[in-house]
Each structure stands twice: as structure tokens, then as C-alpha cells.
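Take a look at the structure set out below.
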Amino acid sequence: MLKYLFAKNEDIPQGSAAIFFAFSSIVWFVVGTGLGSFNAAKLAFPDFVTGSELFSFGHMRQVHVLAVIFGWISMAFAMAMMYITPALGNTKLWSEKLGIWNCFLWNIGLSLGLTLLWAGITSGREYSDFPWVIDLYIAAFIALPLAINVWMTILKRRTQGIYTTNWFFGAGVFMVTIVFIVGNSPEWFNLTGLSEAYMTWWFAHNVLGLWITPIAAAIAYYTVPKVTGNPLYSHRIGHLHFWSVVVFYSTPAAHHLMSAPLPEWLKSFASVEGVLILVPAIAFVSNLILTMQGKWHMFVENVEIKFTITGVLMAIPLNMQGGFQQTRAINWYVHGTGWIVAHAHLALLGFSTFLEGAAVYYGIQTILRRKLYSLALANFHFWFLLIGFSIYWISMTIAGLIQGAGKIYEVPYIDVVIAEHPYMIARWVGGTLVFTGNLVWLYNMYMTARVGTEIPVGRLPHEMAYER
Amino acid sequence: MSDNKNANQTPDTGHSWDDGALRELLNEPPGWWKLGMWVSLAWVLVYFILYPSIPLATDFTKGVMGWTAIKEYKADLKEVEELRAPYEAKIKKMSASAILADSELSSYVEKSGKVLFGDRCAACHGSGGAGNPGFPVLADDDWLYGGDINTIEASITDGREGGMPAFGGSLSAQQLDDVTQFVIGLAQGTKHAAGAAVFEEQGCSGCHGEDAKGVTFMGSANLTDGIYRFTPGTAESVKYTIAHGVNDGSDPETRNAVMPSFADKLTETEIKKLAVYVYKLGGGQ
């Protein structure tokens, strides 16, 4: 990678930036889930690694959260953008060199930010934990270069019209930059109290609603038609999905603060938006399910489709939960419990991870023109992710319901701790399965790059999956 | 969703991407989805009329029901408080022992006491008073300072601090072993003559009593019942206690046994409730 930093743009092979992003994202995923497994062990076994401030839960938690969001998920997005955006425009990436620098500065900045968090230097706001220097760095050297590269590639396209995926990519990079600058306003304007709380959740929810969810969906809009060979079922549904997210989903932040003394109308507004997310979510799911017509055998046979459709189907429970758990009628019960933790993992480890996984699998094979090293290991990875995640989600959902009942019925806290203990152990088992699966993935993708069978010109990787 | 229905007959947008690999068809959204969308939008309209929701220049629409979260919360709280008020008023006036004697009040207090105990006591004494290593079990009927209701109330209000001098310096290794064996033997019904002599000479009986059954006003432990203040009740643990004492400032390895005073942390009513709850845990003495 380092040798390309100062090479001429023309001398850098096409797709290099995407490949660096791909492997960075996998490494961050291994690191992030490793930390997750470690943190889960601390909650399941209170005597596990004590006596050190650095390894206490309060120091380690944010490192896990931000490593998976800005390491794994966001870098996998960047990877997808670097090869899907040019492919859709029948062109090449506007600047491979900018892409390489983007990836380099991203890894440096993220490592630095996470080290600061680990040392306890934090803004103290959940999800926007990074201190202001790192926030500025992310806006200037991570989000903006990515946005410029994506926009310029779209502008330089050699096709008529813009494919659905690129609408989302183009809008997503714009929105995440704005979210970073505006969402950190408590730092620029020294906001405190309710204003700070509101902006914290404005940031946190919009990173999910305007970045992670739409970009993950955009990946599915590409992989499903590309791998199955079917045209996208409906241009119109794509439109409805895109515009309803972009126009209506920008102010649901208050639904994280339903018990706070925010203005009542703001909470109503947020709550209604939260329920309405079901409209675009179901639009998205139906569009892809209908695109799959006649190709359902690929859900079993093809690894990319297996990942993508699993992710797409998870959008249903995700948005059912998300839509209703934030209403006043339900939120008072589940607020502040493990239910929410389960929901957050359904969004990030369930829905979006499976979609990104497909993009990274497919992208590495397409760019390097090398067939997947081992289909068996890929299936192993899929099942470890799915089973690990399911154990995690089910156990934390049950733990959340127990905690909710404990909260409402004044059950002594210590009794709740005893009652939820088995589920904490189950969560650790689930998280550790995910981590193990990811180690296998890293090995599989490394071996693909090194010794994968070459794909001849004119053929696609998934067509050769079962050829020896 | 029959197989491959219309997959290639619906017209597309006329555009293609990725070297012709991707096209978008012009299918309409499914009817059920459109219905869902219009129903959702109708629901939004109704919601906005009923609840506070639309921001105006300096104010916002209040909704035709006049509902707010804080009103609902206050109404619910009032309902609970009205239910509890007659009991709370009586508890405030009565002593702990009188509450215990009144069967209706006593069962009311047992329930609210459980919540209080869980929040304020269970961290040390365990859930339901089951005890934790280093902290006394409250769910049995063995009491250091006495188990009647007034004493329990006093223990909670003023706290307790046990005290036993460290004998590690004044006893020889042999004497320490002997007296340990004697103490262990007390609960098992075996006798250890040499240990008994040390017990007498060193003045152990001065606190634990001639019969070694403990003296409640000093909080000294009953050594004959096989219930140990410092678990586990092994010879090793007993020997440690004798050698290092309890709360003996001169021995850095001494046992700690301090129950803090709750006089300024809880109200008198709460202390009364806890006293009744704890008394009932042990079955009453």
C-alpha cells in the first residue's frame, strides 16, 4: 500500500483502493468482534481481568463500538463504493490515489482515535465519543475525500441515468459528512444539558439512519441483480425507498429520549417518523425479494446471495422492532435494557454486516480476478455469523425483557442481575462464535488473494463457484 | 410469486449499467404495499390531530385530547399514592413491633421492605438475606446482637462494628492450634482439653461467655452452633480469625466487620419497614 501513496495515479492498478479498504475492514471486524467478545466475557464473568483501569468495561466498550462502526462497517462501505460506483458508471474510480490516501488516513485516524478512547480521553457522549480533534479529522480526511471520490466518479460516468445504488452512495457520503459536522455541535458550541443530549442522539441515530442503513441497502440493490442476473424488479419502489428515507428520516433522534423533558411535539414527531420507517423498509425488502424471482436456488447455492438475502430478510424484524420499540407505549418498558442492545446488534451485526459481507466477498473476487479460496470456509463463516448472532440476539432480547420487568415491578436490582446471568453467558458464547467465524474469514480472504484460482476474462466469480 | 413471472416482459427504464449487466424494470409497487403506505399516512394525520405534534413559530399544536406525558405520569403516580396512603400514614405513627403485630400492615410492609432491602441491603447481605462471603446471613435465626425487632431496628439505624483482638502475637503456634481445635470441636460435640485451657487462660470466655454461646449485647459470636460469621467454617478460617482478630487496628490483616449506620440514608419509616422485613426473614426469635 505504501508504495502507491506516492505513485502516479495512472500507475496504480484499478481497484487497489477497494482491495485495501476490503482487507482493512476485515481486520477491523476481527478486532471489533474480538473486543466485543472480551467485553461480553467481562459482563458474564465479573472476575475476568480485573484490577486494570485500561481493561475495565468503561474503557473497552467504546473501543468495541467505534471499531465496528467506523472500522468494519464504514470501511466495508468505502470498499463497496470504490468498486461498485465505477462499475455502475462503466468507468473507473475518479482517483485511485485519493482512494489509497483515504484508506491510509482512515486507518491512522481510527487507530489514533481508538487509542485515545482506550486511554480514557473521550467526549463522554455515546457514539460520538471521539474528542473534537478526531471528529474534525474524520470529517476532513475520512468522510470528505470519500464523498469527493464517489461524486466525481458518478459525474464522470459513461451511462445514462444513475442506478439506484449510486443514488444512495452519493447521498450517503454527503449525509454522513453533515452528520459529523452538525452532530458534534456540542463540541463546537459547548452545548450542555438537554441540547447536548439531543444532539448526541441526533448524531447517533443519523449515523444509523442516514449512513449505515441506506448504504447497506444500496449494496443489496447491486449484489442481488448482479449475481442473479435478474433486472431490478422496480425502479419506482427504489424511488419511493430513497426519497422517503432522505426526506422523512432525518429527525427521529428524540425517540432515544422519550422519558426526557424534551418538547412534547418533538417526541411525537420523532415517534411518528420512527413508525413510518416501515414504509421504505418494506419497500426495500419487497423490491429485492421480487427481484429474486426464479433464482431462489441461489439463496442456498451462492455465498454472496446467501449473505445478501439473509441481511435483507433481517430488515423485517429490524424495522418492526425499531418502528415500535420507540413509541411511548413500548419504550417505557424496554428503555435502557438489553432489548435495545439486542436491537442495535440486529441492525449492525445482523442486517448490515451480512450485506457488507456479500460486498466484500464479491468485490475481492471481482477485482483480483481470483476465485474464492474455499467455499466451505465461506459457508462456515456464514453459519458462525448467523448462529452466533442469533444466540446473541435472542439472549439479549430475553435479558432485556427481564430487566424491563425488574424495572417496572420494582424487583431488587441484585435479583435482576442473578436472573439475567445465564443470558449474559449465552451472549458471550454468541459473540465468541462471531469472532471465531471472522478469523476464518480473514484467513479465507487472504488465501483467496494469494492462491485463489484465476478467473478467465468474460466470466464472473459466482459462475465458477462449483468448478474445480 | 409464481416462477419467473413476467421477469423479462415488463419494460425497463431504457438505461443499463455495469456493461449492460444491470437494468431496472418499470414494475409498480405491489397493491398491498401501496395500501399500507396510505393507511400509514392516514394514521399520521389522525395522530397529529390527537397529540401534540406540529411546531409553530413560538408554540406547537396541543392535540385535541390535551394529552402530555407528564400529565399521564402524575395521574398514575397519584393513583398509586392514594392506594398506599392509608398504610403509610399508619406506619408513620406506629413502632416497628406494633407494625409486626398488625397482620395486614405487616404483610404490606413485607412487600415494600423487599424492594428496599434489594436496593439498600442485598449488595452485602445477598438477595433475600442469603449472605455473602464476609457478610452475615440474615435469613437464619442466628443473631450476633439479638434478633428481636427492636434490636434489628437499632442495628439498621446505628450500624454495628464488631471487635475482637488479634491473638496472633500473644499465642504460641501450639496454643493457636489447640484453641482452634477446641472451637471447631464445640460445634461438633468433641472436646479438646488443651484448647479449653487456652480458651480460659486467654480470656476468650470474657466475651464469648463461659458456655461459648456468645453475648448479644457485645455482639460476640455463638461458637457452639456451627454457624460461622466468617465463612467457610474451616479450621483454617477459624484460626485466621483468632490470629488476626476482627477490626483490630493494630493488625493490618485483621477481619473487617462493619455495618454502616443508615440513620441519615433512610427515613424512619423505611427503617421500620426494613426491620420488620429482616425480622421475618429469620423467622423471628
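Say the cut-off is 31 Å between C-alpha atoms; which of B:Lys74/B:Lys272; B:Lys78/B:Lys272; A:Lys156/B:Lys34; A:Lys42/B:Lys71; B:Lys71/B:Lys114 go over it? Over 31 Å Cα-Cα: A:Lys156/B:Lys34; A:Lys42/B:Lys71. Solvent-accessible surface (1.4 Å probe) assigned to A:Ser74 amounts to roughly 0 Å². For B:Thr231, the residues 5 or more places off, or on other chains, whose built amide H falls under 5 Å of its own are B:Gly134. The phi-based Karplus calculation (6.51 cos²θ - 1.76 cosθ + 1.60; θ = phi - 60°) puts the 3J(HN,Hα) values of the stretch B:261-277 at 7, 9, 4, 9, 9, 10, 7, 4, 4, 5, 5, 4, 4, 5, 4, 5, 4 Hz, whole numbers, x for Gly and Pro. Of all the options B:Thr13, B:Thr254, B:Thr58, the one that moves most in a Gaussian network model of chain B with Cα springs shorter than 10 angstrom is B:Thr13. Across the stretch B:52-66, in residue order, what do the Karplus-derived ³J(HN,Hα) couplings come to in whole Hz, using 6.51 cos²θ - 1.76 cosθ + 1.60 with θ = phi - 60° and x for Gly and Pro? Going residue by residue, I get x, 7, 9, x, 10, 4, 10, 9, 9, 5, 8, x, 6, 8, x Hz, with x marking Gly and Pro.
Have a look at the stretch A:393-415 and report residues whose accessible surface goes down by 40 Å² or more when the remaining protein chains are included, against the chain on its own, probe 1.4 Å, ligands and DNA/RNA excluded. So the qualifying set is A:Glu410, A:Pro412, A:Ile414. Accessible surface calculations at 1.4 Å, restricted to protein heavy atoms, place the stretch B:1-67 at 65 Å² per residue. For the stretch A:87-165, the square roots a ≥ b ≥ c of the C-alpha gyration tensor eigenvalues yield an a/c of 1.5 or more together with a/b exceeding b/c, which makes the shape prolate.
Rounded to a whole number, what % of the accessible area of the stretch B:187-283 do carbon and sulfur atoms account for, probe 1.4 Å?
55
Checking the table B:Lys92/B:Lys265; A:Lys267/B:Lys62; A:Lys226/A:Lys295; B:Lys191/B:Lys239; A:Lys3/A:Lys371; B:Lys93/B:Lys265 against a 23 Å threshold on Cα-Cα, which pairs fail? Beyond 23 Å: A:Lys3/A:Lys371.
Would you mind estimating how fast the stretch B:1-67 diffuses translationally, via Stokes-Einstein at 37 °C and 0.692 mPa s with the Kirkwood radius over Cα pairs, in µm²/s?
202
Tell me, what is the FRET efficiency for A:Phe189 and A:Phe55 to the nearest 0.05, using R0 = 35 angstrom and their Cβ-Cβ distance as r? Using R0 = 35 Å, I get an efficiency of 0.50. The heavy atoms of B:Glu79 present about 120 square angstrom of accessible area, all protein chains included, probe 1.4 Å.
Report the charge-dipole magnitude of chain A in Debye, nearest 20, computed about the Cα centre from +1 at each Lys and Arg Cβ and -1 at each Asp and Glu Cβ. Show your work: numbers first, answer last.
Details: 24 positive and 21 negative charges, 273 e Å.
Using only the charged Cβ atoms, the result is roughly 1320 debye.
Distance from the Cα centroid of the stretch A:167-231 to that of the stretch B:120-152 is 53 Å (rounded to whole angstrom).
Heavy atoms of the protein chains alone define the surface here; on that basis chain A has 37 Å² accessible area per residue at 1.4 Å probe size. In this structure the amide hydrogen of B:Leu22, modeled in the peptide plane, comes within under 5 Å of the amide hydrogens of B:Trp17, none closer than 5 places in sequence on its chain. If you take the Cα centroid of the stretch A:92-154 and the Cα centroid of the stretch A:53-80, the two points sit 13 Å apart. So what's Rg/Rh here for the stretch B:173-256, counting alpha carbon atoms and using the Kirkwood radius for Rh? Computed over Cα atoms, the ratio is 0.93.
Per atom type, the stretch B:1-67 shows carbon and sulfur on 63% of its accessible surface, probed at 1.4 Å. Computed over chain B, the range of Cα coordinates on each principal axis works out to 106, 61, 39 Å, biggest value leading. Translational diffusion of chain A, estimated by Stokes-Einstein from the Kirkwood radius over alpha carbon pairs at 4 °C in a medium of 1.567 mPa s, is 57 µm² per second. The mean number of Cβ atoms from other chains found within 10 Å of a Cβ in peptide A:62-73 is 0, as a whole number. What do you get for the angle between helix A:193-207 and the principal long axis of chain A? Use alpha-carbon atoms, 0 to 90 degrees, nearest ten. Orientation of helix A:193-207: about 30 degrees from the principal axis. The charge dipole of the stretch A:367-443, taken about its Cα centre with unit charges on the Cβ atoms of Lys, Arg (+1), Asp and Glu (-1) only, comes to about 660 debye.
Both chains summed, the buried accessible area for B and A stands near 3900 Å², from protein heavy atoms and a 1.4 Å probe.
Close amide H pairs (under 5 Å, H built 1.01 Å from N) link A:Arg370 with A:Ile455, residues at least 5 positions away or on another chain.
Using a 1.4 Å probe over the heavy atoms of the protein chains, calculate the carbon and sulfur portion of the accessible area of the stretch A:119-264 as a whole percent.
Carbon and sulfur together cover 68 percent of it.
Shielding of peptide B:10-17 by partners, expressed as the average count of other chain Cβ atoms within 10 Å per residue Cβ, is 6. For the set A:Trp393, A:Trp28, A:Trp72, A:Trp383, solvent exposure ranked by accessible area (probe 1.4 Å, protein chains only) runs largest to smallest as A:Trp383, A:Trp393, A:Trp28, A:Trp72. Take B:Arg229: with every protein chain present and a 1.4 Å probe, its accessible area is about 50 Å². For the options B:Leu45, B:Leu223, B:Leu105, a Gaussian network treatment of chain B with springs between C-alpha atoms closer than 10 Å singles out B:Leu45 as fluctuating the most.
Solvent exposure of the stretch B:173-256 amounts to 53 Å² per residue of accessible area, where only protein heavy atoms count and the probe is 1.4 Å. Counting Cβ atoms of other protein chains within 10 Å of each residue's Cβ and taking the mean over peptide A:268-275 gives 4.
If you take all other residues with their beta carbon under 15 Å from the beta carbon of A:Trp118, and give Lys and Arg +1 and Asp and Glu -1, the sum is 0. Placing unit charges on the Cβ atoms of the charged side chains and taking the dipole of chain B about its Cα centre, the candidate lying farthest along the positive direction among B:Asn27, B:Thr241, B:Ser170 is B:Asn27. Mind running the shape call on the stretch A:339-381? Use the C-alpha gyration tensor, a ≥ b ≥ c as the square roots of the eigenvalues: rounded below 1.5 for a/c, prolate if a/b tops b/c, oblate otherwise. It is oblate, given that a/c is not under 1.5 and a/b is not larger than b/c.
The stretch between B:Glu88 and B:Ser172 holds 24.4 nm of extra length on full extension. This uses 0.36 nm per residue minus the Cα-Cα distance.
Tell me whether the stretch B:67-157 comes out rounded, prolate or oblate; compute the Cα gyration tensor, take square roots of the eigenvalues as a ≥ b ≥ c, and use a/c under 1.5 as the rounded threshold. In terms of gyration-tensor shape, oblate.
The values are calculated or read from the model by the stated rules, or taken from the named source; none is laboratory data. Just so it is clear, the model here is predicted, and its values are computed rather than measured. Methodologically, a virtual Cβ is constructed for each residue, glycine included, from the backbone with ideal geometry; neighbour enumeration extends over all protein chains shown. Only protein heavy atoms, including side chains, enter the accessible area calculation; ligands, DNA and RNA are left aside. Shrake-Rupley method; radii C 1.70, N 1.55, O 1.52, S 1.80 Å.
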